[in-house]
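The values are calculated or read from the model by the stated rules, or taken from the named source; none is laboratory data. Since the model is a prediction, treat every value here as computed from it, not as a measurement. Heads up, the Cβs are rebuilt from the backbone with ideal geometry, glycines too, and the neighbour counts pull from every protein chain shown.
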Amino acid sequence: MTQKYKLTATVVSQEQLATDVYSIWLKSPEIASQAQAGQFIGMYPNDATKMLMRPISLCEIDAQKGLLRVVYRVTGPNAGTKEFSMLKANDTLEIFGPLGNGFNIEGTQDKRVMLFGGGIGIPPMLELGKQLAKQQAKVMFVLGYRDQVFLAEECQQYGEVYLATEDGSLGTKGNVLDAVKQNALQADLLYACGPTPMLKALQTYAKEHDLMCYLSLEERMACGIGACLACVCQSVSLDEHSHVKNKRVCKDGPVFLATEVEL
């Protein structure tokens, strides 16, 4: 069982990737040695008035150097994420992790895999693509943006990249499935993280094409360990913990098979 740590991490570096989108590298050997693609950490603001952690997906994991990378969006002038954006090298903050269940990549050798990322759901696809490339899978990234593009060039290290933008300024005009159709893409397995409408569309697409599909859900979280039930989603089967058709996104997920959840 993966051990969870709550500890003080040191900021190695930080840069701005797009408007309100930031990338930060943290030194945390304990968590980096345990973490897997698709998991997340809780980041705690130093402001005592903001008590709850901010759950943020892991974008990259360097276990050898003990480093974690997270890419996040600042959600407002008074948000905890605004405080994170002010951090500089050698600053410290409390983090908790690794949390949740990551992506299952067993049996992916020589498989064609499509990785769908939408908006701030794109960052976890980078580490996933890296791990799948190590498994010798054929990786295709299908990334959807509202406006500014980020991380697309980095994804090119591990596979082909296809873009979809709402205004058509780059790649396909429309959504990620429009990009799939325009480029006649085909795959054996799907992975996705992004807004619920995108995940719901991919859930339907996977069912229609009889494809296994893993979805990473985005939900507001409080505890990160499944105790508070603040982040439940509707499931197909009864949950052993709550005895209703719910799953705890922070503990049972955030990654689920598309056939396990109702969106």
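Any idea which residue in segment 105-122 is nearest to Ala133 (Cα to Cα), counting only those that are crowded, with 18+ Cβ neighbours inside 10 Å and small (Gly, Ala, Ser)? Filtering first and then ranking leaves Gly117.
The set of residues in segment 131-162 that are within 20 Å of Gln36 (Cα to Cα) and either assigned to a helix (DSSP H, G or I) or not assigned by TED's automatic domain parsing to the domain that holds Gly121 (or both) comprises Gln131, Leu132, Ala133, Lys134, Glu154, Cys155. In the condition set (1) modelled with pLDDT of 95 or more; (2) exposed (fewer than 15 other Cβ atoms within 10 Å of the Cβ), Cys228 is compliant with all but (1). Taking the criterion of being out of contact with any strand residue (DSSP E or B) (no Cβ under 8 Å at 6 or more places or on another chain) and closer than 7 Å to Val11 by Cα, no residue of segment 83-97 qualifies. Restricting to segment 157-210, count the residues that are of a type in the set (Val, Ile, Thr) and touching a Cys at 6+ places or on another chain (Cβ under 7 Å). Within segment 157-210, residues that are of a type in the set (Val, Ile, Thr) and touching a Cys at 6+ places or on another chain (Cβ under 7 Å) number 1. Assessment of segment 22-40 against the conditions (surrounded by 17 or more Cβ atoms within 10 Å (Cβ to Cβ), on the phi > 0 side of the Ramachandran plot and in contact with a Phe, Trp or Tyr (Cβ under 7 Å, 6 or more places away or on another chain)) yields at least one matching residue. Surrounded by fewer than 15 Cβ atoms within 10 Å (Cβ to Cβ), of a type outside the set (Lys, Arg) and closer than 28 Å to Leu143 by Cα - does that describe any residue in segment 96-104? No, every residue in segment 96-104 fails to be surrounded by fewer than 15 Cβ atoms within 10 Å (Cβ to Cβ), of a type outside the set (Lys, Arg) and closer than 28 Å to Leu143 by Cα.
When segment 144-189 is filtered for residues that are basic (Lys, Arg) and either crowded, with 19+ Cβ neighbours inside 10 Å or within 17 Å of Thr19 (Cα to Cα) (or both), only Arg146 remains. The strands (runs of 3 or more DSSP E) falling completely within segment 1-100 that include 3 or more residues that are in contact with a Cys (Cβ under 9 Å, 6 or more places away or on another chain) map to 67-73. Would you confirm whether any residue within segment 172-183 is hydroxyl-bearing (Ser, Thr, Tyr) and either under 30 Å from Ile95 (Cα atoms) or at pLDDT below 95 (or both)? No.
Kindly check whether there is at least one residue in segment 44-54 that is within 20 Å of Phe150 (Cα to Cα), of a type outside the set (Ser, Thr, Tyr), in contact with a helix residue (DSSP H, G or I) (Cβ under 6 Å, 6 or more places away or on another chain) and outside the structural domain of Tyr162 (by TED's automatic domain parsing). No, every residue in segment 44-54 fails to be within 20 Å of Phe150 (Cα to Cα), of a type outside the set (Ser, Thr, Tyr), in contact with a helix residue (DSSP H, G or I) (Cβ under 6 Å, 6 or more places away or on another chain) and outside the structural domain of Tyr162 (by TED's automatic domain parsing). Within segment 163-180, residues that are assigned by TED's automatic domain parsing to the domain that holds Gly144 have Cβ atoms under 8 Å from residues that are crowded, with 16+ Cβ neighbours inside 10 Å and acidic (Asp, Glu) in these pairs: Ala164/Asp178; Thr172/Asp178, counting only partners at least 6 apart in sequence or on another chain.
Scanning segment 62-81 for residues being touching a helix residue (DSSP H, G or I) at 6+ places or on another chain (Cβ under 6 Å) and among the β-branched types (Val, Ile, Thr) gives a total of 3.
Cβ-Cβ distances below 8 Å connect the following pairs, each with a first residue in segment 59-70 that is touching a residue at least 12 places away in the same chain (Cβ under 8 Å), a second residue that is acidic (Asp, Glu) and assigned to a strand (DSSP E or B), and a separation of six or more residues or different chains: Leu67/Glu60; Leu68/Glu60; Leu68/Asp62; Arg69/Glu60; Arg69/Asp62. Here Asp178 fulfils each of the conditions (1) part of a helix (DSSP H, G or I); (2) under 14 Å from the mean Cα position of the chain (by Cα); (3) within 26 Å of Glu262 (Cβ to Cβ) apart from (2). Considering only segment 102-123, state which residues are among the small types (Gly, Ala, Ser) and at positive phi. Of everything in segment 102-123, those that are among the small types (Gly, Ala, Ser) and at positive phi turn out to be Gly107, Gly119.
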